[in-house]
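Asks: What follows is a structure written as structure tokens; I'll ask about it next.
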Ligand code: ATP
């Protein structure tokens, strides 16, 4: 496979997402609301699978990471201490000719307006804070201000002590969280790549300071491998260390996992070595003792933090793009999403060969048998060939066909999305067989 992305891929994915019910523009019947999106029947399944696949790798399969679900609304003190009130800004410039606004650091040529083409038309850059502010309770104004979190990470620092005391973990250990974050982005765009409301998957890994470099390298490798394991081809993925100028003031090292989007390599996830910046800042501002007492050395210390921070919605888009293929089968075009089985919206589809009443009871029985174990679709409309194509286009790894023979031999046909090969399987063995295929 070539690394160069198909120039039409972006439009094809946006179109597929709308047409098949993955992603809809938000508030569409009112003309839409810029850069916000709703996840439809297939999108909600796929997005949930992306988050579950992350949770499985980060929490379920490990004994050194625990989960958390912290509040989205938070008081100014949190963001004062974390540095977000002062520093969570992007440089904003206005074009004096067409009045369009841009993020200076994302402009290809800062002397040329990409909207109207005027030269040297930008105002001086001013720092624009990306946090959404609102107020709690019936009274507006000072003392009632609250912020929508711009990242999930602070929840882990605020609960460091709670988790330490209740989970019996000790460094090296991590706290993981998946949830919504909000940023008043200056230039949202590229579909769900950059939106003002999005979902993050973040983990703070607390380590003894002397081990921090080891764990930083470990997490860079782990996170890179996670995307490979879930279907992103190696030639469309890279791990890019930040150069010194890019690093945040508190970070001694950061690397981004980048995917080859149609516009070039761009970030899916950042892995940052944050040192002891966050725990120290919150300890100082709150008066809480955010330290670990090491009984073996009889010493208190502030753990260092390695943070892999990924975007769920952005990753879903990358998975869709990497999985999309068009091919010809027996002279007919076929669109197929070769999604990893853990990421695909449905794992199986049950398709009675025809809509005849005689087949429905067995087909429903097969659906009921599979539904407790796998996310299953059931479809009895249209000719079987068209239904296979519909399932291929949304990435369903296996189609189970119930035909007239099934009534006699109590067996069904299992069709593989990628090879299109069909095998006959007794209904009695179906759950075990599909389990075997999906591990
Ligand atoms: P960028 O430089 O693109 O603005 P960032 O480096 O500020 O992003 P982080 O703060 O490291 O992003 O957030 C971690 C992850 O959250 C990103 O890698 C991305 O996947 C996701 N993310 C951040 N901002 C957005 C957004 N506006 N829309 C969708 N996903 C986002």
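Only the coordinates and a few stated rules stand behind these numbers; no lab work does. In this text, all values refer to a predicted model and were calculated from it rather than measured experimentally. Note that we place each Cβ from the backbone using ideal geometry, even for glycine, and neighbour counts take in every protein chain shown.
Asks: What ranking, highest mean first, results for peptides 17-30, 183-196 when packing means the other Cβ atoms within 10 Å averaged over each residue? It would help to have the intermediate numbers written out before the result.
Replies: On the way: 17-30: 15.5, 183-196: 18.7.
Going from most to least packed, we get 183-196, 17-30.
Asks: Provide the FRET efficiency to the nearest 0.05 for the residue 240-residue 368 pair, computing r from the beta carbons and using R0 = 45 Å.
Replies: On the way: r = 48 Å, r/R0 = 1.07.
Step by step, r from the Cβ atoms, then E = 0.40.
Asks: Next question. Please report the relative contact order for segment 346-437, taking Cα pairs under 8 Å with a sequence separation of at least 6, and give it as a percent rounded to a whole number.
Replies: Numbers: 147 pairs, mean separation 27.4, N = 92.
Answer for segment 346-437 is 30 percent.
Asks: Name all residues of segment 280-314 having a backbone nitrogen under 20 Å from the label point set 7 Å from the Cα of residue 170 along its Cα→Cβ direction, giving them as ranges.
Replies: Under 20 Å, as judged by backbone N against the label point of residue 170, lie 289-306 of segment 280-314.
Asks: Sorted from fewest to most neighbouring beta carbons within 10 Å, what does the list 248, 111 look like?
Replies: Values: 248 14, 111 10.
Ascending Cβ contact count within 10 Å gives the list 111, 248.
Asks: Using only the alpha carbons of segment 107-261, what is the convex hull's orientation-averaged projected area in square nanometres? Can you show the working numbers first?
Replies: Details: hull surface 57.2 nm².
If you wrap the Cα atoms of segment 107-261 in a convex hull and average its projections, you get 14.3 nm².
Asks: Please report, in Å, the Rg and the Dmax of segment 346-437, where both are computed over Cα atoms only.
Replies: 11.7, 32
Asks: Right, something else. What does the helix-only formula give at 222 nm for the chain: each DSSP H stretch with n ≥ 4 adding -39500 (n - 2.57), the total divided by the residues, and the result rounded to the nearest 500 deg cm²/dmol?
Replies: Numbers: 13 runs with 126 residues, N = 439.
Per the formula, -8500 deg cm²/dmol.
Asks: Which order results if 396, 381 are arranged by neighbouring Cβ count within 10 Å, fewest first? Working shown, then result.
Replies: Values: 396 28, 381 9.
Ascending number of Cβ neighbours within 10 Å: 381, 396.
Asks: With each label point set 7 Å from Cα along the Cα-Cβ vector, what nm distance links residue 184 and residue 135?
Replies: Rounded to a tenth, the inter-label distance reads 1.5 nm.
Asks: DSSP beta bridges in segment 346-437, what fraction antiparallel, as a percent rounded to 5?
Replies: Details: 9 of 17 bridges.
About 55 percent, rounded to the nearest 5.
Asks: Further question on the same structure: Taking 0.36 nm per intervening residue step and subtracting the Cα-Cα distance, what contour gain separates residue 6 from residue 265 on full extension? Walk me through the intermediate numbers first.
Replies: Details: separation 259, 0.36 × 259 = 93.24 nm, distance 1.36 nm.
Separation in residues times 0.36 nm, less the Cα-Cα distance, equals 91.9 nm.
Asks: A follow-up question, please. Distance in nm between label sites at residue 73 and residue 107, each 7 Å beyond Cα in the beta-carbon direction?
Replies: 3.9
Asks: Taking N as the number of residues in segment 236-285, what value does Rg over Cα atoms divided by 2.2 N^0.38 Å take?
Replies: Working: Rg = 13.8 Å, N = 50, 2.2 N^0.38 = 9.7 Å.
Taking N as the residue count of segment 236-285, the ratio is 1.42.
Asks: Which residue, 82, 286, 35, tops the fluctuation ranking in a GNM of the chain built on C-alpha contacts under 10 Å?
Replies: Comparing 82, 286, 35 in a Gaussian network model of the chain, the most mobile one is 286.
Asks: Also, quick follow-up: Using only alpha carbon pairs under 8 Å that are at least six residues apart, calculate the relative contact order of the chain and give it in whole percent. The partial results should precede the final answer.
Replies: On the way: 796 pairs, mean separation 55.8, N = 439.
Taking the mean separation of contacting Cα pairs over the length of the chain, I get 13 percent.
Asks: Using the number of other C-beta atoms within 10 angstrom as an exposure proxy, rank 197, 284 with the fewest first.
Replies: Ascending Cβ contact count within 10 Å gives the list 284, 197.
Asks: Here's a follow-up. At a Förster distance of 51 Å, what's the computed FRET efficiency of residue 89 paired with residue 297, Cβ-Cβ distance as r, to 0.05?
Replies: Working: r = 41 Å, r/R0 = 0.80.
So, using R0 = 51 Å, E works out to roughly 0.80.
Asks: Taking a quarter of the surface of the Cα convex hull of the chain, what do you get in nm²?
Replies: Numbers: hull surface 108.1 nm².
Convex hull of Cα atoms, orientation-averaged projection: 27.0 nm².
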